[in-house]
Structure formats: C-alpha cells, structure tokens
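The values are calculated or read from the model by the stated rules, or taken from the named source; none is laboratory data. On a predicted model such as this, the values are computed, not experimentally measured, just so you know. Cβ sites come from the backbone with ideal geometry, for glycine too, and all protein chains shown count toward neighbours.
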Amino acid sequence: MKIDPRRSSAFAAAIDTGSLEGAASQLGITPSAVSQRISALEQELGTPLLVRSRPCRATVPGMRLLQYLRRSLLLEAEFLAEMGMDAGPARVALAVNNDTLATWLLPALGPILAAEGLLVEFVLDNQGHTFALLEEGRVLACVSGKPQPMHGCTATPLGLMRYRMVAASGFARQRFPDGLTREAAVHAPVVVFDRKDSLQSAFLREHLGLPEGSYPCHYVPASDPYVEAIRLGFGYGMLPEEQCRRLLDAGELVELAPALPVDVPLYWHAWRIQPQRLERMGAALVKAAQAALLPLPLP
C-alpha cells in the first residue's frame with residue numbers, strides 16, 4: 001500500500017491553513033476537491049484523519065500521519081540534494097516560546113539556515129504548550145519547558161532563562177514606595193503576556209500570597225510591545241534578564257525583587273531519527289543556547 005501524494009498534500013494543507021478553503025487556494029483546486037481527497041485518504045487508511053472544525057485539526061491518527069509527512073518531505077529534499085538535484089530550500093516548522101525568539105534564537109539560527117539551505121516557519125506558544133505542537137505533528141522540533149521527550153524523540157537541556165520582576169522607575173516610586181508589598185500589589189497593575197502566561201501569577205502567589213484575579217492586569221501578547229508597556233509604566237512584570245539588562249543599567253527600569261529571580265528550564269525536543277540538516281541545525285541551536293542561558297542544575 002502507498003499513500004497517495006495528492007491526498008496527503010490536501011490533508012497537510014488543510015492543517016497548515018486551518019480550512020478546506022485555505023487548502024484549496026494553496027493547491028489550486030476547489031474546496032470540494034480537497035474534501036474528496038481527504039475523505040478518500042481516510043477511507044484508504046480506515047480511520048478519520050481530520051476534524052472539519054474551524055480551524056481544522058488532526059485526529060490522533062492524523063497527528064501521526066502529519067508527523068510522517070513532515071519528516072518525509074525533509075528526507076526527500078535531503079536525498080535529492082545529495083544526488084545533485086535542486087529540490088529548492090526545505091521548510092522546517094519549529095515551535096518556540098516568544099522570549100526565546102526575542103533573545104538568543106535568531107542570531108544562532110541565521111547562519112545555519114543559510115549554510116543548510118533551510119527555510120523556517122516559527123509557531124509561537126508558551127514554553128509549556130510548544131510540546132503539544134510537536135505531538136500534533138505541526139512542527140518538527142520545539143523549545144519546551146518539558147524535560148521528558150515524546151516517544152521516538154530526544155530532549156536536550158538548553159539551560160535556564162532567568163526572569164526579573166521589573167518596573168519603570170517612576171512607576172515603582174509611585175506604586176511601590178515601600179517596596180513590593182502585598183498591600184501595594186493588590187492595586188498595582190501587572191503586565192501579563194497572554195492568558196497562558198503564569199510567571200507573574202505564580203510569583204505573586206508564592207511570594208505575596210495573592211491568588212490570581214486579586215490584582216489588575218494588562219495583557220500585551222507581543223514581545224517588544226510587552227517590554228515597551230513596562231518601560232512606559234503601564235504596569236510591572238517579568239522580563240528575561242537578557243531583554244531588560246540594558247534598561248536596568250540605564251535606570252529606565254528597576255528591579256522590584258532583586259533577590260527573587262525566576263529561572264525557567266528549556267529543552268530542545270527533536271526526532272531521534274531525522275535528516276542530517278535538521279540534526280546539524282539542532283546541534284548549533286543547543287550550542288548557542290547553552291552559551292546564552294544559565295546552566296541547568298545537575299540532577
């Protein structure tokens with residue numbers, strides 16, 4: 001038995017674009033033809049592969065198929081390159097958290113993408129959720145806070161990303177004249193990245209005994225605007241040390257709890273058997289991360 005490439009391409013396009021209409025536009029066929037090809041593939045494999053919701057999502061067997069398709073495309077491109085045939089640049093989908101993308105990742109990734117002839121597609125999510133994107137087959141590798149690898153994959157320690165609780169100097173003087181106290185924190189707005197961001201809530205619960213929802217919040221779900229919102233005095237919040245060091249040195253930001261940094265462990269998850277180009281890319285990223293981040297404590 002052989003998987004029909006037209007049918008599998010329709011399935012992958014529906015997942016990538018999130019809809020049958022988007023897949024149709026990508027493939028240059030009608031939405032009805034996309035649906036028929038996916039239905040034929042489901043009949044051929046004897047299992048549902050696609051939940052036709054908005055956005056479309058894969059079933060559990062569909063996730064396994066998607067993992068196979070992503071990896072096979074890279075392997076095919078690598079084989080053709082080895083045979084001296086131009087297959088064009090290969091695309092690699094990586095799931096990363098926003099703070100990783102905003103700090104050490106891009107400088108490390110640029111040279112290896114050019115050297116290996118790779119294109120990258122970043123899928124952004126909280127470090128606690130990127131692992132699920134690998135499980136779903138939407139990406140080929142991820143930066144995650146999860147230390148245990150998925151079956152068939154490896155998890156390589158990258159290091160600790162250190163966060164500092166900071167505020168604009170004027171905001172700190174006005175809102176926290178006596179320091180970061182429980183009484184002041186009840187009324188001072190916190191800047192939170194998005195509804196998945198638990199750094200601030202965990203810190204306030206642990207150190208001030210404040211439950212989530214007992215203080216006002218701004219939500220700013222983009223890395224640079226998040227930093228800018230804190231710098232402009234919208235509220236206080238946690239920033240990676242690498243992102244806030246210059247502003248702290250310039251006196252634009254101050255630390256509210258200098259003795260209480262928060263360290264978040266990060267790991268590189270990738271398939272145990274993978275194309276050599278992806279393996280070399282992963283090795284370069286691990287090396288760069290271990291140079292930029294704090295070392296993980298020994299077990």
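Does Leu133 qualify as being part of a strand (DSSP E or B) and either of a type outside the set (Phe, Trp, Tyr) or in the same structural domain as Asp224 (by TED's automatic domain parsing) (or both)? When the stated conditions are applied, Leu133 does not pass them.
The lone criterion from (1) part of a helix (DSSP H, G or I); (2) touching a residue at least 24 places away in the same chain (Cβ under 8 Å) left unmet by Gln26 is number (2). Counting only helices (runs of 4 or more DSSP H) that sit wholly inside segment 162-250, those with at least 1 residues that are among the β-branched types (Val, Ile, Thr), within 18 Å of Asn98 (Cβ to Cβ) and free of Cβ contacts under 8 Å to residues at least 24 places away in the same chain are 223-231. If you scan segment 36-47, which residues turn out to be within 19 Å of Val60 (Cα to Cα) and either surrounded by fewer than 17 Cβ atoms within 10 Å (Cβ to Cβ) or out of contact with any Phe, Trp or Tyr (no Cβ under 9 Å at 6 or more places or on another chain) (or both)? Answer for segment 36-47, where residues must be within 19 Å of Val60 (Cα to Cα) and either surrounded by fewer than 17 Cβ atoms within 10 Å (Cβ to Cβ) or out of contact with any Phe, Trp or Tyr (no Cβ under 9 Å at 6 or more places or on another chain) (or both): Ser39, Ala40, Gln43, Glu44, Leu45, Gly46, Thr47. Residue check: Leu293 meets all listed conditions (1) surrounded by 18 or more Cβ atoms within 10 Å (Cβ to Cβ); (2) more than 18 Å from the chain's Cα centre (by Cα); (3) not assigned by TED's automatic domain parsing to the domain that holds Asp178 but one, namely (2).
Candidates are the residues of segment 107-134 that are among the hydrophobic types (A, V, I, L, M, F, W, C) and farther than 16 Å from Leu278 by Cα; the one that is surrounded by the fewest Cβ atoms within 10 Å (Cβ to Cβ) is Val123. Residues of segment 144-164 include at least one that is surrounded by 21 or more Cβ atoms within 10 Å (Cβ to Cβ) and closer than 12 Å to Tyr236 by Cα. A single member of Ala81, Ala58, Ala90, Ala33 is more than 22 Å from the chain's Cα centre (by Cα), small (Gly, Ala, Ser) and at pLDDT below 90, and it is Ala81. If you go through segment 1-31 and pick out every residue that is aliphatic (A, V, I, L, M), buried (at least 18 other Cβ atoms within 10 Å of the Cβ) and within 23 Å of Gly46 (Cα to Cα), you end up with 7.
When restricted to residues that are small (Gly, Ala, Ser) and within 19 Å of the chain's Cα centre (by Cα), segment 190-219 contains 1.
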